[in-house]
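Every read-out reported here was derived from the displayed coordinates using simple, explicitly stated rules and does not represent laboratory data. Bear in mind that the values here come from a model prediction, so they are computed numbers and not experimental data. Here the Cβ is made from the backbone with ideal geometry for all residues, glycine too, and neighbour counts use every protein chain on show.
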Amino acid sequence: MNDTTQRWLITLAVALLAIGIYFLHGNGWMGYDRSDILHGQVWRLISGNFAHANARHLAADLAGLILWTALAGYLETPRRYLIMLFGTSLGVGLGLFFLDPRLGWYVGLSGVLHGLFAASAITLLSRKEWLGGLALGAALIFKILWEQHYGDWGSARLLGVPVIVDAHLYGAITGLGIALALLFFRRA
């Protein structure tokens with residue numbers, strides 16, 4: 001099985017996981033819930049990224065994952081893709097837990113998606129694909145700065161759920177860090 005097929009199978013597995021959690025009403029027992037995490041349910045730091053509040057939220061996040069896989073997935077090996085998925089999931093969960101202590105609840109894959117796109121920008125730059133890397137990095141930085149200053153782009157109304165823009169920031173920072181670490185250790 002080639003890398004392209006493996007990447008699409010990973011994307012399909014993530015989609016099926018998220019759909020399964022959604023239809024089993026798993027956002028209650030899989031979503032990020034600060035109180036439950038404090039009481040030992042630490043899996044929620046990761047699983048909250050795969051739970052969704054409603055069908056529109058789920059569809060939007062899965063469309064983003066499919067878009068990343070189609071446009072930038074080729075930049076990552078299947079192993080790196082899995083590392084990015086779980087690493088950014090943990091980074092988002094830990095970022096919310098330690099840096100946003102007032103946030104009680106979170107679900108969604110958007111923070112992880114921001115991490116994947118940040119890693120793709122780094123990978124493009126490491127391959128000396130300057131235009132693509134700089135354009136993707138600049139677009140991501142602009143979006144995150146906008147959200148940090150002005151809030152979400154109206155997607156909360158569209159999705160019918162509050163958008164936790166700090167998850168996007170933590171995901172992008174984690175994706176950046178993981179991509180740089182993978183580059184460093186590949187060369188070391």
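Helix 78-99 and the longest principal axis of the Cα set of the chain meet at an angle near 50°.
Note the angle between two axes, namely the Cα long axis of helix 165-187 and the longest principal axis of the Cα atoms of the chain, as a number of degrees from 0 to 90, rounded to the nearest 10. In the chain, helix 165-187 runs at an angle near 40 degrees to the longest axis.
Over the chain, dividing the summed -39,500 (n - 2.57) contributions of all DSSP H runs of at least 4 residues by the number of residues returns a 222 nm mean residue ellipticity of -24000 deg cm²/dmol.
Extension gain, Leu94 to His39: 0.36 nm times the residue separation minus the Cα-Cα distance gives 18.3 nm. Just checking the listed ones, Leu99, Leu113, Leu124: in the Gaussian network model of the chain with Cα springs under 10 Å, the one fluctuating most is Leu99. In percent, rounded to a whole number, the relative contact order of the chain is 25, using alpha-carbon pairs under 8 Å and six or more apart. Let's test the formula: R0 of 22 Å, r as the Cβ-Cβ distance of Trp153 and Ala55. What FRET efficiency results, to the nearest 0.05? The calculated FRET efficiency here is 0.60. Please find, in a Gaussian network model of the chain (springs between Cα atoms separated by less than 10 Å), the residue of Gly31, Gly132, Gly48 whose mean-square fluctuation is greatest. Comparing Gly31, Gly132, Gly48 in the GNM, the peak value goes to Gly132.
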